[in-house]
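What follows is calculated from the coordinates using simple rules that are stated; it is not laboratory data. Since this is a predicted model, take the numbers as computed values, not measurements. Cβ coordinates were reconstructed from backbone atoms using ideal geometry, including for glycine residues, and neighbour counts include every protein chain displayed.
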Amino acid sequence: MRLEESRAVFTVPNRFFAEWIAERYSALLGEALNLETGRSLDAAFEVSPYQAQAKSAVIQPSSPKAPPAGINLNSTYTFDSFVVGPCNELAHAACMAVADAPGGQYNPLMIFGGSGLGKTHLVSAVANHLVSREPAYQVHYTSSEAYSNELIQAVRFDGIQSFRDKYRRVDGLIIEDIQFLSGRERTQEEFFHTFDALFQAGRQIVLTSDKLPRDIPGLASRLRTRFEWGLLADLQTPDTETKLAILQRKASDKGVVINRQVASYLANQPESSIRVLEGYLNRLVAVSRLRGAEVSLELARQVLGPLASENLVGVEDVLRVVATHFGVRPADIKSSRKSRDISRPRQVTMYLARRLTNASFPEIGQALGGKDHSTVVKGVQRVEKLMAQDPELADTLRVVENAVRQLKQGD
């Protein structure tokens, strides 16, 4: 990078990179430059004079079994550092099975779930395990966005054969966020043949997505079918105990001990994403070290209260969304009626209100028509028990919870 009077000029390998970065990150780069330099600078891009050499390096495979370039694994993402709970035990077990016997019965393996629930950690743990166990094992880890962009570049620079060799000769392929193949017909066509080549050769394929294959719009039916050949394992929103364990593990990794009160305060924030909770933890630890103060509940409330309140969900929010989903009135849920078509939405409301709000059991009961504390406790316990027996109910809870969060994001 070089600074000029009114701009910062970045050198990129080719015009494709210049256009791609400019389209997506110009504004962000501009803000970062202004913050760093104190000047109003625009981001500009120029193609490297060594473009021809770079092009040659892209299209020429170094050997039939060359280790694929670009693998960028986080070495801290291992099975040992992953906290297992009811929300993720199936996905964890499936990933361990794949890591121990790649290309076996769980091929392909798709891990799906919302953002920040641990998909990247798990699939990275698979790759780290495979490579550490057998250094010669060639695994390529990438995202569907990077795969698509790499394909575009290969087509533009006549490097399609090199691209195919790179992806079809590996021992294992891990692709994240496969939902972004949606609507990309050329990329889907190429990936279909890559998938078949790897599968027929007994090579392991691991995918992640934020939704089930059948729920990905614009996904070719033949790809959807193949994604469902192996095992689909979901990551659900972690319960409070799992959040507590994760937060205490992450605090320990940072060399900090947080007591259960502080961990509970963080875990009970209305956020399902562990990434967000870890961000809260990072902020708390940073302020603690800056002030030389103990990581206490009082400090947590002082530092995180304003941030947490921005995303606060209320019992009434949960009540409205649940009522809409089940096609009943909020007044019906608050009533004393005990028919199944009302009792089930009522129990779901109690469960999600406990998960997503800071309300106590008595407060939830009061908001739901004056129900007593024990009724709410039994309702929550009933849903927790049924979830383990009824996958359809678990899906319903996930859909309704996402709807509640989207409602708050739209406020």
Using 0.36 nm per residue, how much length does the chain from Ser75 to Ala388 gain when fully extended, once their Cα-Cα distance is taken away?
109.4 nm
Using the charge dipole of the chain (Lys, Arg: +1 at Cβ; Asp, Glu: -1 at Cβ; taken about the Cα centre), state which of Ser143, Gly255, Ala233 has its Cα farthest towards the positive end.
Ala233
Roughly how tilted is helix 89-100, in degrees to the nearest 10 and between 0 and 90, from the longest Cα axis of the chain?
30 degrees
Which residues qualify? For Phe45, with a placed amide H closer than 5 Å and at least 5 residues away or on another chain, they are Phe10
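Pulled fully out, how much extra length does the chain show between Val257 and Ala27, if you take 0.36 nm times their separation in residues and subtract their Cα-Cα distance? Present the calculation step by step, with values, prior to reporting the outcome.
Details: separation 230, 0.36 × 230 = 82.80 nm, distance 3.89 nm.
Between Val257 and Ala27, full extension yields 78.9 nm more.
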If r is the Cβ-Cβ distance from Gln105 to Val84 and R0 is 22 Å, what FRET efficiency results, to the nearest 0.05?
0.60
Of Leu244, Ala99, Ala286, farthest towards positive along the dipole that unit charges on Lys, Arg, Asp, Glu beta carbons give the chain:
Leu244
For Arg7, the residues 5 or more places away or on another chain with a placed amide H closer than 5 Å to its own amide H are Asp42
For the range 235-286 (alpha-carbon point model, no solvent) the Debye-based log₁₀ I(q)/I(0) at q = 0.18, 0.27, 0.30 Å⁻¹ works out to -0.48, -1.10, -1.35
Given charges at beta-carbon only (K, R positive; D, E negative), |dipole| of the range 89-235 in Debye
260 debye
Using a basic spin-label model with each label point 7 Å from the Cα along Cα→Cβ, how many nm lie between Ser339 and Glu46?
7.6 nm
Can you flag which of Lys211/Lys378; Lys334/Lys378; Lys243/Lys338; Lys338/Lys378; Lys211/Lys371 are past 24 Å Cα-Cα?
Lys211/Lys378; Lys243/Lys338; Lys211/Lys371
If you build a Gaussian network model of the chain, linking Cα atoms that sit under 10 Å apart, which residue out of Pro362, Pro345, Pro391 swings the most?
Pro391
Here, Gln406 and Arg186, labelled 7 Å along Cα→Cβ, have an inter-label distance in nm of 3.1 nm
Using a basic spin-label model with each label point 7 Å from the Cα along Cα→Cβ, how many nm lie between Arg291 and Arg222?
6.2 nm
State to the nearest 20 debye the size of the charge dipole of the range 311-411 about its Cα centre, where the only charges are +1 on K and R beta carbons and -1 on D and E beta carbons.
280 debye
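If you stretched the chain out fully between Ala146 and Ile160, how much longer would it get, using 0.36 nm times the residue separation minus the C-alpha to C-alpha distance?
3.5 nm
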What dipole magnitude, in Debye to the nearest 20, does the chain give about its Cα centre under +1 on Lys/Arg Cβ and -1 on Asp/Glu Cβ?
760 debye
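Using square roots of five times the C-alpha gyration tensor eigenvalues, list the equivalent-ellipsoid semi-axes of the chain in whole Å, biggest first. Mind showing how you got there, number by number?
Details: eigenvalues 355, 163, 92 Å².
Output for the chain: semi-axes of 42, 29, 21 Å.
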